[in-house]
2 protein chains.
Amino acid sequence: MYRTHFISELDSNLDGKEVRVAGWVHTIRNLGGKIFILLRDKSGIGQIVVEKNSKVYEIAKDLTLESAVSILGVVKSDQRAPNGVEVHAKEIEVLSFAKSPLPLDVTGKVKADIDTRLRERLLDLRRLEMQAVLKIQSVAVKSFRNTLYKNGFIEVFTPKIIASATEGGAQLFPVVYFGKEAFLAQSPQLYKELLAGAAERVFEIAPAWRAEESDTPYHLSEFISMDVEMAFADYNDVMKLIEEIIYNMVNDVKRECSNELKILNYTLPNVKIPINKITYSDAIEILKSKGLNIKFGDDIGTPELRVLYNEIKEDLYFIIDWPWLSRPFYTKQKKDSPQLSESFDLIFRWLEIASGSSRNNVREVLENSLKVRGLNPESFEFFLKWFDYGMPPHAGFGMGLARLMLMLTGLQSVKEVVPFPRDKKRLVP
Amino acid sequence: MYRTHFISELDSNLDGKEVRVAGWVHTIRNLGGKIFILLRDKSGIGQIVVEKNSKVYEIAKDLTLESAVSILGVVKSDQRAPNGVEVHAKEIEVLSFAKSPLPLDVTGKVKADIDTRLRERLLDLRRLEMQAVLKIQSVAVKSFRNTLYKNGFIEVFTPKIIASATEGGAQLFPVVYFGKEAFLAQSPQLYKELLAGAAERVFEIAPAWRAEESDTPYHLSEFISMDVEMAFADYNDVMKLIEEIIYNMVNDVKRECSNELKILNYTLPNVKIPINKITYSDAIEILKSKGLNIKFGDDIGTPELRVLYNEIKEDLYFIIDWPWLSRPFYTKQKKDSPQLSESFDLIFRWLEIASGSSRNNVREVLENSLKVRGLNPESFEFFLKWFDYGMPPHAGFGMGLARLMLMLTGLQSVKEVVPFPRDKKRLVP
C-alpha cells in the first residue's frame, strides 16, 4: 500500500498516530539539524519532518524535487506547519527518483512562457494552477450534465468519422478509412439532430475538429464540443436551458472549487437570469455609432465584441436573430423576416462561447438552403431523407469547453486550459 | 409552444383539463365513428381520441404513421385507455407529415434484419427497444462517472490526433494533419498515464479507433472507451474500483430503467462482490482439461471463453496475471514471476468488457519492454521522458461501452447498441 491517508485528511485528531502518505517532493529545505519536505498529493500540500538522527536522514538528504515517494511517519500537531500538523518520517520509500534540475519549476516561482510550458507539460500540469484548472473543468462538465439530466436529456455518442462535411466543406481533416475517403467530424450537428428526431432530448460532450490555419488564443484544431439538441422546441427554449446550465455551473464551481478559484486568484462572473438579449441588428447599430465600418451581414468578431462589451457592460449576453445567410444551412429563418434567423450566440464579455438556433425541419427548405450556400443536397441525402418521416421542430446549441473554461478560470488562452492542445504547429506531446 | 405536458404526466388528476401534447403518431385506428391515435413522446405512449363530429376529424383522418404532431385536447379518465386517461382532440397541428409507407415498422410488429435497421436507423431508433437502449446507456455512463467522482477522480480529455501509435503500429487510421502524418488514437493510454502522473486520479469517456478488418458482433472501428488511471495504486486497487463501478451501475440501471428493462424483456446479472478471480494459468489448465489445444502464451478468445464460462458459471469474473509478453509494453511484470504480469481482463460470461494492469514506471524497463516487442523507444520519447521526473506507480483500465451495453441490455451485437456504427463497410449514415 502506498498511502493510508491523503494529505488533506491529516489533522490534530491524528496526533501521535502512524500514517502513510504518498506524493511528490514539492520543496525540500535542509536546516542543519532537520530536513523539511513539503509533500504534494492531489488533495494538498503537507509538511514532513526528518530528524538528523533518524535512520531515513540519508535518504531524505538526497531527495530531489518532484521525486515520487511514500512516507510512513507519526503525525504531530504543530501550529507552524501548513495544516496545523506535520508528519515525522520513520520510513521513506522512493517510488520514482526525479532527475535534477527540472526543466520547469513546479512551485511556480520561476515563470515560463507558454511554449516551454506546453513542451514540459507534465511538470506544468503538476503546478497548483493547472491542477485547479483540471478540477474546475471536471466540475463544470459534471454540472453541465446534471442540469441536462434534470431536464430529461440523455447522453449520446455520435460518429466522428464521417463521409461528408456537416457544415460545408472547409477546414476538414481527411482520414483514410479502409481505402475510402472520409473526414473527422467538425461537429455532431446532423447526427444529434437525427437523434433528437428519435429520443427528443440529447446531449454529447465529445471532440470535434477544424483545420484552423490561424494561431489565436481562441482556436484549436481539436476541441471538446458540448452539444445539445431538443425536439419540439425553438431557440427561446434552448436559451432558457443555457441560462439554467450556466447559472448552475457557475454556482457549482463556486461551491466545489473555492480553493481552486483562490489558487487562480479569480472571481467568477455573476450570472443574472434572464441573461440579456440584444439583436444582431441593434448590435450592428451600436458598432456603427462607435465609428466601426460594419454593415448588416458582416460577422461580429472578437475585435467588434470588445467594442460592444464596452457599451453593454454585461459579462454575459445573447446576440440573437443573426442574418440567415451567415448561419449554417440547417438554421431556421424568422417567419416574419426571412433574411434573419432564429439564432443566437452566447457571449462572455467579448468571446463567443456558444452558438445555437431553431433548426429548419422542412426538406424542401433545407435543400434550397444548401443550394444557396453552394452545397450539394445529394451529399446530404443520408440526413435529408429523414425529414420525410416526421422530423419535429427542434433547436439546439454547441458550446466550446475550452472557451467556457476561460470564463471559469480567468485564463487568457485555450492553449493554457487544454492539457495537450492541437494546433497547426502542435501534434506532440 | 408545442406541448404543456409529457404523455407520462397525464393522469386522472387532470380530468377535464385542457392540455397540449406533442409527439409521433405511433398507431392510428379509424373505428367508423371515432379515430384512436396512439401518440408517442419520449416519456411514453398515450391515447388520443378524435370524435367524428369534431372539426379536426378531417386532419386526423389523413394522418400517417410517424408524423410529428402537436395536439390540444381535454383529458378524460377512461379505464380502457393505456394510462387510465385519454385526450379528446380539439386542435391538431401537423408539425411534420411522414411519407407512407414507412421503410421500417416503428411499432416493432414487422421485424427487420440488422442491415435494414441500420440503413433506416432513424425509424429504428424510434422503436421502444432502441429508446430503452439509449436511456440505459445514458444511465450507465452517469453511474460510471458518479462512482469515480465519489473516489476522487476527475474527468479529463486527451488528444485524439496523435503523432505515433500508442500500443504498436497495427490498425491505425491515418489522418492528414496540415500536411503531416498523424493518426487517430487507438486509446488514451499514454496521455491518461501522464495525466495520472500529475492529477493522480483521472478518467475519460471518449471515442477511440481501430482499423478492424474483421466483421464480428463485438468489434467496431470506432468505439467509446471508458478509461481510468490511478496513481499510487496497483491492479488490485483498480479491480476493487471496477467492482464498485459495476455494482453501482447494475443497481442504478435496475432502479432508473425498470421500464426499459421490461421493454427489452431482460434481467440484469447479479453482481457479487468481490468478483471472482481466476489466474490465466488456471484458465489455461481448465481449457486443456476440456480438450482444447491451447498453451501458455496463447490468447483466450471468445470461443475459449465460452468453454471457460461453462465451467466457471459466473456472470462476471476476472482473469488475472496474463503472460507479460502478450500484454502491451506499459504493463508491469510480476515481481516473483516476470514472465507474468500484474494484469487482468474482466469477463462477462464469454465477453471481455474491460482490460487493465499495473503500469511499469521505470524508464529503462519501459525501453526494454518496447524493444522486445519490436517497437522503437525513440518514437515514444514524448512519453518516456517523463519517467525521469517522478512518475509514481500507477494502474488503470479501459472498458468498452458498447460491450458493456450488451451486458446491460441482453442484445447480441455492438452494432445494435451503437446508434450509427462504423465498421469496414459502414461509413453512412
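You will find that of B:181, B:193, the residue that is in the same structural domain as residue B:369 (by TED's automatic domain parsing), open to solvent by 20 Å² or more (accessible area, probe 1.4 Å) and not in a loop (DSSP other than H, G, I, E, B) is B:181 and no other.
Can you say whether residue A:171 is surrounded by fewer than 19 Cβ atoms within 10 Å (Cβ to Cβ) and either more than 8 Å from chain B (Cβ to nearest Cβ) or assigned to a loop (DSSP other than H, G, I, E, B) (or both), as far as the supplied structure shows? Criteria met by residue A:171. When residue B:409 is tested against the conditions (1) surrounded by 22 or more Cβ atoms within 10 Å (Cβ to Cβ); (2) not assigned by TED's automatic domain parsing to the domain that holds residue B:332, the lone failure is (2).
Just one of the listed residues (B:208, B:283) is small (Gly, Ala, Ser), in the same structural domain as residue B:149 (by TED's automatic domain parsing) and under 27 Å from residue B:384 (Cβ atoms), namely B:208.
Condition check: under 24 Å from the mean Cα position of the chain (by Cα), of a type in the set (Asp, Glu) and either surrounded by fewer than 20 Cβ atoms within 10 Å (Cβ to Cβ) or facing another protein chain (nearest Cβ under 8 Å) (or both). Does residue A:78 satisfy that? Talk me through it step by step, then tell me what you get.
Details: under 24 Å from the mean Cα position of the chain (by Cα): no; of a type in the set (Asp, Glu): yes; either surrounded by fewer than 20 Cβ atoms within 10 Å (Cβ to Cβ) or facing another protein chain (nearest Cβ under 8 Å) (or both): yes.
No; evaluated as a whole, the condition is false for this residue.
Evaluating residue A:233 against the criteria (1) open to solvent by less than 60 Å² (accessible area, probe 1.4 Å); (2) in a helix (DSSP H, G or I) leaves one unmet condition, (2).
Taking each residue of the stretch A:402-421 that is on the phi > 0 side of the Ramachandran plot and looking for partners that are assigned to a loop (DSSP other than H, G, I, E, B) and not β-branched (Val, Ile, Thr) with beta-carbon atoms closer than 8 Å, six or more apart or interchain, yields A:410/A:265; A:410/A:266. Scanning the stretch A:353-382 for residues that are modelled with pLDDT under 95 and within 13 Å of another protein chain (Cβ to nearest Cβ) gives A:378, A:379, A:380, A:381, A:382.
Which is over 24 Å from residue B:264 (Cα atoms), in a loop (DSSP other than H, G, I, E, B) and open to solvent by less than 20 Å² (accessible area, probe 1.4 Å), of B:104, B:63?
Numbers: B:104 fails: over 24 Å from residue B:264 (Cα atoms).
The unique qualifying residue is B:63.
Please enumerate the residues belonging to the stretch B:174-197 that are of a type in the set (Ser, Thr, Tyr) and facing chain A (nearest Cβ under 8 Å).
Taking the stretch B:174-197 as the starting set, the residues that turn out to be of a type in the set (Ser, Thr, Tyr) are B:177, B:187, B:191.
Selection gives B:177, B:191.
Scan the stretch A:296-303 and give yes if some residue there is at pLDDT 95 or above, hydroxyl-bearing (Ser, Thr, Tyr) and either open to solvent by less than 50 Å² (accessible area, probe 1.4 Å) or within 27 Å of residue A:243 (Cβ to Cβ) (or both), otherwise no. No, there is no match, as no residue in the stretch A:296-303 is at pLDDT 95 or above, hydroxyl-bearing (Ser, Thr, Tyr) and either open to solvent by less than 50 Å² (accessible area, probe 1.4 Å) or within 27 Å of residue A:243 (Cβ to Cβ) (or both). The set of residues from the stretch B:389-418 being of a type outside the set (Phe, Trp, Tyr), in contact with an Asp or Glu (Cβ under 9 Å, 6 or more places away or on another chain) and not in a helix (DSSP H, G or I) comprises B:390, B:391, B:392, B:393, B:394, B:395, B:396, B:398, B:399, B:400, B:411, B:418.
Looking only at the stretch B:198-223, filter to residues that are among the aromatic types (Phe, Trp, Tyr) and at the interface with chain A (Cβ under 10 Å from one of its Cβ atoms); which one of those is surrounded by the most Cβ atoms within 10 Å (Cβ to Cβ)?
So the first thing to find is which residues in the stretch B:198-223 are among the aromatic types (Phe, Trp, Tyr), and the list is B:203, B:209, B:218, B:223.
This time we only want the ones that are at the interface with chain A (Cβ under 10 Å from one of its Cβ atoms), so: B:203, B:209, B:223.
Details: B:203: 27, B:209: 25, B:223: 20.
Ranking the qualifying residues of the stretch B:198-223, first place goes to B:203.
Within the stretch B:13-55, being in a loop (DSSP other than H, G, I, E, B), touching a Gly at 6+ places or on another chain (Cβ under 9 Å) and either touching a residue at least 24 places away in the same chain (Cβ under 8 Å) or surrounded by 16 or more Cβ atoms within 10 Å (Cβ to Cβ) (or both) holds for B:42, B:43.
Evaluate the following for residue B:225: is it of a type in the set (S, T, N, Q), more than 20 Å from the chain's Cα centre (by Cα) and modelled with pLDDT of 95 or more? I'd like the intermediate steps shown before the answer.
Values: of a type in the set (S, T, N, Q): yes; more than 20 Å from the chain's Cα centre (by Cα): no; modelled with pLDDT of 95 or more: yes.
Against the criterion (of a type in the set (S, T, N, Q), more than 20 Å from the chain's Cα centre (by Cα) and modelled with pLDDT of 95 or more), residue B:225 does not qualify.
The values are calculated or read from the model by the stated rules, or taken from the named source; none is laboratory data. Model, not experiment: these values are computed from the prediction. Note that we place each Cβ from the backbone using ideal geometry, even for glycine, and neighbour counts take in every protein chain shown. For accessibility, only protein heavy atoms count, side chains too; no ligands or nucleic acids. Shrake-Rupley method; radii C 1.70, N 1.55, O 1.52, S 1.80 Å.
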